[in-house]
Amino acid sequence: MPSAGVTEATVRGGVPVAVDPAPTMQSTARQQRAEEQKRNLDARLTNSVTDGRQDMGAYQSHEEKESTGKRNVSSVDSTFTGSTASCDSDEDCSMVSAIAGSCKEDTLIIFDWDDTILPTRFLTVECGLRVDGPGPSPELRKTLDAYAELANTTLLAAMELGTVIIVTNAETGWLPLTCAKFLPSMLPTINMIYHTSARSTFEPRGFPSAFEWKEQAFRHAIASHFSDVPAVHGRRRCVISLGDSAHERMAAIYACREFNEQSLIDSSSPAGLLCKSLKFMERPDLEHLRKEQYLIQDCLSQVVRYDQDLDLCIQPQQCLVKDDFHNTGHTGNNRMQQQQHTQPY
């Protein structure tokens with residue numbers, strides 16, 4: 001049963017995939033493994049939202065702090081298309097995904113930037129800051145530094161599981177400028193990760209909408225990455241999208257579908273890409289972003305191993321929280337709800 005304030009997560013595939021023409025013992029066993037993975041992922045997602053409240057770090061003042069050890073993250077290497085920890089041995093591959101049969105190079109993880117990593121709404125709306133204005137106060141700087149350490153751990157953990165890139169609809173230069181100003185300790189990690197402006201790249205090519213910028217960027221990133229990672233029998237390749245907007249969610253779905261359709265035409269291979277989307281709340285405050293970082297750290301490896309398409313929407317059911325940063329005195333409960341999109345694709 002989920003803990004108080006958290007509804008039970010519902011997880012299922014969101015994108016049509018090829019189906020074997022007839023059931024076999026192997027396909028039945030695979031289905032059973034997938035169902036077990038689903039149950040495990042349900043529990044992990046449900047528990048992680050509550051667990052994220054337990055270690056409040058440097059900016060906890062209204063909940064009891066529970067001591068937790070820091071997550072161990074190994075060193076990483078950078079590549080042209082993104083950043084990933086290399087998969088040098090069969091043992092490394094099996095450690096990442098023994099059930100799904102994938103290796104690190106089989107997984108492309110695409111992060112959004114604004115309100116997914118950078119607390120854009122918090123900085124602009126709640127704090128009144130601009131990238132071309134004065135910097136954060138010393139007190140706010142301490143809060144941002146603590147958050148930056150947490151977000152940096154998220155990116156490093158993701159780089160241990162696959163190739164990581166960042167695709168933003170902000171214009172070229174926004175990402176490094178805002179990182180340097182508000183989250184400077186993350187710059188070494190950001191510099192290892194390939195990042196691109198979907199808008200600056202595709203708006204001049206005649207694509208007018210924010211969704212089209214993301215879709216085109218995803219299509220090119222997926223094609224570029226997996227052209228160097230050929231399909232291997234017994235291994236499943238996947239794309240994981242993490243962001244606050246419906247743009248990246250639908251961009252991932254459409255781009256993976258197009259890639260799979262083209263792969264069938266080119267090679268008649270049924271082993272296409274798995275599409276896994278984690279859509280977080282729009283316009284989050286810093287507290288919600290902090291909880292999302294814990295959620296990603298706790299569940300991303302399980303998402304990688306999940307052997308089906310995945311479409312998750314994580315939304316706040318009640319998001320009034322005590323303002324620890326400006327001492328306004330507002331109080332309330334935090335609840336996060338995992339919901340599954342049910343509309344057809």
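The values are calculated or read from the model by the stated rules, or taken from the named source; none is laboratory data. Since we're looking at a predicted model, the values are computed, not measured. Every residue, glycine among them, receives a Cβ derived from its backbone with ideal geometry; neighbour counts consider all protein chains shown.
For the reader, a short list of remarks on this structure follows.
- Flag for Y194 being over 19 Å from M250 (Cβ atoms), buried (at least 21 other Cβ atoms within 10 Å of the Cβ) and of a type in the set (F, W, Y): no
- In the stretch 141-166, of all residues being among the polar types (S, T, N, Q) and closer than 19 Å to P184 by Cα, the one that is surrounded by the most Cβ atoms within 10 Å (Cβ to Cβ) corresponds to T154.
- Residues that are more than 30 Å from H220 (Cβ to Cβ) and assigned to a loop (DSSP other than H, G, I, E, B) do not occur anywhere in the stretch 161-168.
- Matching option when the condition is among the hydrophobic types (A, V, I, L, M, F, W, C) and in a helix (DSSP H, G or I), among A231, A221: A221
- Residue match in the stretch 116-124 (condition: surrounded by fewer than 21 Cβ atoms within 10 Å (Cβ to Cβ), closer than 30 Å to R257 by Cα and touching a helix residue (DSSP H, G or I) at 6+ places or on another chain (Cβ under 8 Å)): no
- Pairs where the first residue, in the stretch 306-322, is part of a loop (DSSP other than H, G, I, E, B) and at pLDDT below 90 and the second is surrounded by fewer than 17 Cβ atoms within 10 Å (Cβ to Cβ) and of a type in the set (S, T, N, Q), C-beta under 9 Å, 6+ apart: L320/T331; L320/N333; V321/T331; V321/N333; K322/S61; K322/T328; K322/T331
- When the stretch 181-218 is filtered for residues that are part of a helix (DSSP H, G or I), hydrophobic (A, V, I, L, M, F, W, C) and either in contact with a His (Cβ under 9 Å, 6 or more places away or on another chain) or closer than 17 Å to I166 by Cα (or both), the ones remaining, listed by number, are M186, L187, I190, M192, A198, F202, A210, F211, W213, A217, F218.
- Looking across the stretch 162-215, the residues that are closer than 26 Å to L274 by Cα and in contact (Cβ under 8 Å) with a residue 60 or more places away in the chain come down to G162, T163, V164, I165, V167, N169, M192, I193, Y194, H195.
- Boolean, E282 is surrounded by fewer than 18 Cβ atoms within 10 Å (Cβ to Cβ), part of a loop (DSSP other than H, G, I, E, B) and not aliphatic (A, V, I, L, M): yes
- Odd one out for A231, checked against (1) in contact with a strand residue (DSSP E or B) (Cβ under 9 Å, 6 or more places away or on another chain); (2) over 20 Å from L156 (Cα atoms): (1)
Each row is one residue, and each column tells you yes or no for (1) touching a strand residue (DSSP E or B) at 6+ places or on another chain (Cβ under 7 Å); (2) of a type in the set (A, V, I, L, M).
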{"residue": "P176", "(1), (2)": "no, no"}
{"residue": "M192", "(1), (2)": "yes, yes"}
{"residue": "S197", "(1), (2)": "yes, no"}
{"residue": "E203", "(1), (2)": "no, no"}
{"residue": "S209", "(1), (2)": "no, no"}
{"residue": "R219", "(1), (2)": "no, no"}
